[in-house]
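Supplied in structure tokens, the structure appears directly below.
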Amino acid sequence: MTLNTILRFSRATTPEEMFTGQWQNRATRLDDFKPYLDQRWQEGCTNAWKLWEEIKEQGYPRGYAGVRDYVSRNLRGKPQTVGPRPPSARAVIRWLLTHPDALPEGDQVQLKAVPANCPELTALAEHVRSFGRMVAHLQGDQLPTWIEVATSTTDLPSLRHFAQHLERDLDAVIAVIAGLTLPWNSGVVEGHVNRIKMLKRQMFGRAGFELLRKRVLLA
């Protein structure tokens, strides 16, 4: 160890000053990707592993350690641009499943801004709303066409799998098509069933079958 090195160590006031040297200024494979890392950090992405995966897809040939060290030394503690908080997945789902005319104006504005960060949501919203129109307007005859279109989607794997399951159980879905087409439904029957169940729970352990039967008939 030279005298200059000993003096530099003795005069250092911070740990960083002890590690200054020529090696810190040499070019690295990461230099070309540092502007992108800085930009993504400002956009709010602070996960070093995710940043490494992103630049790896862009051609970065080295491992995760270099990105981790750069983030730790140069970006940690660096102020980030504060932007609007993105909506939660639950909120977006609620917006998509709600009729557009029933959404408050604020939710409509946010829903229009969501596809800017996720273009696939535009196609998903159209599929969801077309399905909703079938249910609301008793257009069950359009269900096979909807299944065919949804099955052909490549950017929405969850929707495609849902449509494939419907297609696989098409024999059972025929009853669903009838329910989406005919004006009759089992709502009244279900209401009576729920009423009888409520009476049964109220009378459980208090009376025999005859009293329970009379209350059901007179209720």
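Would you be able to tell me the number of residues in the range 124-169 that are part of a loop (DSSP other than H, G, I, E, B) and hydrophobic (A, V, I, L, M, F, W, C)?
2
Which members of the range 52-69 meet the condition of being among the acidic types (D, E) and surrounded by fewer than 16 Cβ atoms within 10 Å (Cβ to Cβ)?
Of everything in the range 52-69, those that are among the acidic types (D, E) and surrounded by fewer than 16 Cβ atoms within 10 Å (Cβ to Cβ) turn out to be E53, E57, D69.
Checking the structure you have, find out if any residue of the range 134-154 is without any contact (Cβ under 8 Å) to a residue 60 or more places away in the chain and loosely packed, with under 10 Cβ neighbours inside 10 Å.
yes
A further question on this structure: Considering the range 107-133 alone, what residues qualify as being surrounded by 14 or more Cβ atoms within 10 Å (Cβ to Cβ) and either small (G, A, S) or not assigned by TED's automatic domain parsing to the domain that holds L166 (or both)?
The answer is A123, A125, S130, G132.
With respect to L199, is the statement that it is within 25 Å of W95 (Cβ to Cβ) and over 29 Å from the mean Cα position of the chain (by Cα) true?
no
Out of all the residues in the range 71-105, which are assigned to a loop (DSSP other than H, G, I, E, B), at pLDDT 85 or above and out of contact with any helix residue (DSSP H, G or I) (no Cβ under 9 Å at 6 or more places or on another chain)?
Of everything in the range 71-105, just one residue is assigned to a loop (DSSP other than H, G, I, E, B), at pLDDT 85 or above and out of contact with any helix residue (DSSP H, G or I) (no Cβ under 9 Å at 6 or more places or on another chain), namely P104.
Residue-wise test of (1) assigned by TED's automatic domain parsing to the domain that holds D141; (2) surrounded by 11 or more Cβ atoms within 10 Å (Cβ to Cβ); (3) closer than 30 Å to S152 by Cα; (4) charged (D, E, K, R).
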site	(1), (2), (3), (4)
F162	yes, yes, yes, no
L166	yes, yes, yes, no
L170	yes, yes, yes, no
G191	no, no, no, no
N194	no, no, no, no
K197	no, no, no, yes
R201	no, no, no, yes
R206	no, no, no, yes
F209	no, no, no, no
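The values are calculated or read from the model by the stated rules, or taken from the named source; none is laboratory data. Since this is a predicted model, take the numbers as computed values, not measurements. Methodologically, a virtual Cβ is constructed for each residue, glycine included, from the backbone with ideal geometry; neighbour enumeration extends over all protein chains shown.
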